[in-house]
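See below for the structure under consideration.
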Amino acid sequence: MKQLHELSKRFPDSFIHDNPSGYGDYIQHSVIRQRLLSVLGAYSTDIVETIYDGEIITGVVLKLTCVVDGKEVSVVEAEMLKRHKIGKPMVQE
């Protein structure tokens, strides 16, 4: 359970920020990805579903798959997209 223990460690305070949405704390996705790579090595992220509002993509359902301590593990989550002021999709939250 060495990898699971390493993944459970708290991130340093310098990486933890106020969530832009106003709810809880936030750690940038790039920092999370770097932790996963440094502890687990390669992993995959797949789009399970694309969410639309009319013809505009407003979110995705993602599946992260990796091997933790010799066992394949998958986690599924929904991600919503932020929008520019004029209503065009911009970046992942």
Residues of the stretch 18-43 satisfying the condition of being surrounded by 11 or more Cβ atoms within 10 Å (Cβ to Cβ) and either small (Gly, Ala, Ser) or closer than 15 Å to residue 7 by Cβ (or both): 27, 31, 32, 33, 34, 35, 36, 37, 39, 40, 43
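Can you pull out every residue in the stretch 49-68 that is exposed (fewer than 13 other Cβ atoms within 10 Å of the Cβ) and either touching a residue at least 40 places away in the same chain (Cβ under 8 Å) or part of a strand (DSSP E or B) (or both)? Before you say what the answer is, go through the steps one by one.
Narrowing the stretch 49-68 to residues exposed (fewer than 13 other Cβ atoms within 10 Å of the Cβ): 49-50, 52-57.
49, 50, 52, 53, 56, 57 - these are the residues of the stretch 49-68 that are exposed (fewer than 13 other Cβ atoms within 10 Å of the Cβ) and either touching a residue at least 40 places away in the same chain (Cβ under 8 Å) or part of a strand (DSSP E or B) (or both).
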All positions within the stretch 1-17 that are in a helix (DSSP H, G or I) and surrounded by 10 or more Cβ atoms within 10 Å (Cβ to Cβ): 3, 4, 5, 6, 7, 15
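Read-outs: derived from the displayed coordinates by stated rules, not from any lab. None of these values were measured; they are calculated from a predicted model. Here Cβ is always computed from backbone atoms with ideal geometry, including for glycine, and neighbour counts include all displayed protein chains.
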